[in-house]
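What follows is calculated from the coordinates using simple rules that are stated; it is not laboratory data. Because the structure is predicted, anything quoted here is derived from the model rather than measured. No Cβ is skipped: glycine too gets one built from the backbone with ideal geometry, and neighbour counts run over all protein chains shown.
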Amino acid sequence: MTKQFHDHVLDDAALDQIFREARTYNGWLNQDVSDAQIEAIWNLMKMAPTSANMQPVRIVWARSRAARDKLAALASEGNKAKIRAAPVTAIVGYDIDFHEELPWLFPHTDARSWFEGDEKAREQAAFRNGSLQGAYLILAARALGLDCGPMSGFDNARVDAEFFADAPRHRSNFICSVGYGDPASIFARSPRPAFGKFNRIA
Ligand SMILES: Cc1cc2nc3c(=O)[nH]c(=O)nc-3n(C[C@H](O)[C@H](O)[C@H](O)COP(=O)(O)O)c2cc1C
């Protein structure tokens with residue numbers, strides 16, 4: 001039997017929550033995010049696809065006062081206060097040596113050998129798929145009723161040295177605060193292009 005699209009489309013409330021009404025927050029309500037919520041984000045985002053199920057994302061959730069202060073100190077001026085105020089900020093990184101995990105992540109073939117000895121290919125695959133997983137994190141958090149504030153304004157090398165010190169093959173990509181956004185902190189919505197602007201159906 002063919003699947004009927006209308007049997008599976010999410011309702012408007014869900015689409016609003018994940019996409020249409022969801023915003024990027026610059027300020028946060030004083031409300032914590034629990035271990036269980038952080039794990040729930042992971043347990044959704046890990047189900048979304050990556051190439052050969054490589055799952056290259058590596059995340060440090062900066063939630064303690066000390067971790068948030070340390071991360072804020074390495075962020076651009078405009079991002080420091082946001083990071084300090086957010087209940088948790090995910091450092092979304094990726095592992096250049098993700099291929100070492102492929103024997104169990106993609107067990108039906110020898111995918112590890114595809115990447116062995118080709119660091120450039122690994123960096124490209126890790127960045128591509130790790131970025132996808134960062135996007136999945138945002139959508140998973142929103143689906144769970146949380147808000148996000150993604151940021152790339154920080155010193156990647158220093159963040160790597162501080163937060164991935166025990167994992168020298170991990171690199172930070174972007175960071176993303178997660179919590180309950182303060183509605184007063186959003187900027188005016190920037191324009192979104194209509195389909196015809198950046199799409200064509202060939
Ligand atoms: C990867 C990424 C990096 C970003 N970096 C910053 C940043 O460093 N500082 C900042 O204030 N906003 C940053 N933003 C926020 C974007 O400007 C914002 O998400 C975008 O304008 C959409 O806003 P909206 O969700 O409220 O429509 C970043 C967003 C993304 C996805």
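Being over 24 Å from A66 (Cα atoms), acidic (D, E) and under 20 Å from the mean Cα position of the chain (by Cα) is the requirement here; does E116 meet it?
no
What number of residues within region 171-190 satisfy the criterion of being exposed (fewer than 10 other Cβ atoms within 10 Å of the Cβ) and more than 10 Å from the ligand (Cβ to nearest atom)?
1
Take region 18-44 and flag every residue that is closer than 19 Å to I186 by Cα and more than 13 Å from the ligand (Cβ to nearest atom).
W28, L29, N30, Q31
Which members of region 138-161 meet the condition of being crowded, with 17+ Cβ neighbours inside 10 Å, more than 13 Å from the ligand (Cβ to nearest atom) and within 19 Å of L71 (Cα to Cα)?
Residue satisfying the conditions is D160 alone.
Looking only at region 93-137, how many residues end up being away from the ligand (no atom under 16 Å from the Cβ), without any contact (Cβ under 8 Å) to a residue 24 or more places away in the chain and at negative phi?
Adding up the residues that qualify gives 16.
Check A125 against each of (1) touching a Phe, Trp or Tyr at 6+ places or on another chain (Cβ under 9 Å); (2) closer than 21 Å to V178 by Cβ; (3) aliphatic (A, V, I, L, M) and name the one condition it does not meet.
So A125 meets the others, but not (2).
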